[in-house]
1. Over the chain, calculate the relative contact order: mean separation of alpha carbon pairs under 8 Å at least 6 apart, over the residue count, as a percent.
2. Using only helices, what value at 222 nm comes out for the chain when you add -39,500 (n - 2.57) per DSSP H run of length 4 or more and divide by the total residues, to the nearest 500 deg cm²/dmol?
3. Sequence gap at least 6, Cα distance under 8 Å: using those rules, report the relative contact order of the stretch 92-170 to the nearest whole percent.
4. May I ask you to list the aspartates and glutamates whose Cα is less than 13 Å away from that of K132, ignoring any residue fewer than eight positions away on the same chain?
5. Using a 1.4 Å probe over the heavy atoms of the protein chains, calculate the carbon and sulfur portion of the accessible area of the stretch 1-134 as a whole percent.
6. Heavy atoms of the protein only, probe of 1.4 Å, neighbouring chains included. What is the accessible area of V131 in Å², nearest 10?
7. Quick check: the distance between the Cα centres of the stretch 4-19 and the stretch 81-148, to the nearest angstrom?
8. With P(r) over Cα pairs in 10 Å bins from 0, in percent in mind, check (i) 10, 38, 35, 15, 2; (ii) 10, 42, 36, 11, 1; (iii) 10, 28, 24, 12, 8, 9, 7, 3, 0 and report the label derived from this structure.
Amino acid sequence: GFPGFASSLGFVTDWKVAGPFSWDPAKGFGPARVNEPAVDLTATYNEGASSIAWKPQAAAEQTGLVDLGSAFGDAAGATAYAFARVNVPEDTDAVIRAGSDDGIKIWLNGQAVHENLVDRGVALDNDQIPVKLKAGANDILVQITQGGGGWGYCLRLTKPDGTPLPFTQE
């Protein structure tokens, strides 16, 4: 294997995830389910008869993929959320490069920066979103929808020129 391979490409690898929540494609990314974007990682949510809590989920070492199917089981008509905190030493221009199966919405530091309601498989850098990161901690919240089949996402941070952006995670 290649230890640190995914992180060397700028993948965010340490996540907390919450789901699965039922999802109606006709409603897109509404309604709010986890009080997004102001999420509380200690909160639990009622979904039908079950209680949902945030749990750790690491990205795959080789590919950077966060496999929600393995995290939550086979699902259809579902959605889930993922949260990560990344630290950078100074204010910097960056690009969030995300792949998703299926649709994806991304918030950065409480602001929605991207929304793509789509039915697709994960591909590296499906979506590229120029953003500004602030010195210190930056909170990334992702919502991923699931029609059926595979379910997951990958997300990496690069400089505007496409080279991996150095950052740390707590």
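1. For the chain, the relative contact order is 30 percent.
2. The helix-only estimate for the chain comes to -1000 deg cm²/dmol at 222 nm.
3. Dividing the mean separation by the residue count of the stretch 92-170 yields 42 percent.
4. Cα-Cα hits under 13 Å: E90, D91, D93.
5. That share works out to 51 percent.
6. The accessible area of V131 comes to roughly 10 Å².
7. Between the Cα centre of the stretch 4-19 and that of the stretch 81-148, the gap is 12 Å.
8. (ii)
The values are calculated or read from the model by the stated rules, or taken from the named source; none is laboratory data. Model, not experiment: these values are computed from the prediction. Every residue, glycine among them, receives a Cβ derived from its backbone with ideal geometry; neighbour counts consider all protein chains shown. Only protein heavy atoms, including side chains, enter the accessible area calculation; ligands, DNA and RNA are left aside. Shrake-Rupley method; radii C 1.70, N 1.55, O 1.52, S 1.80 Å.
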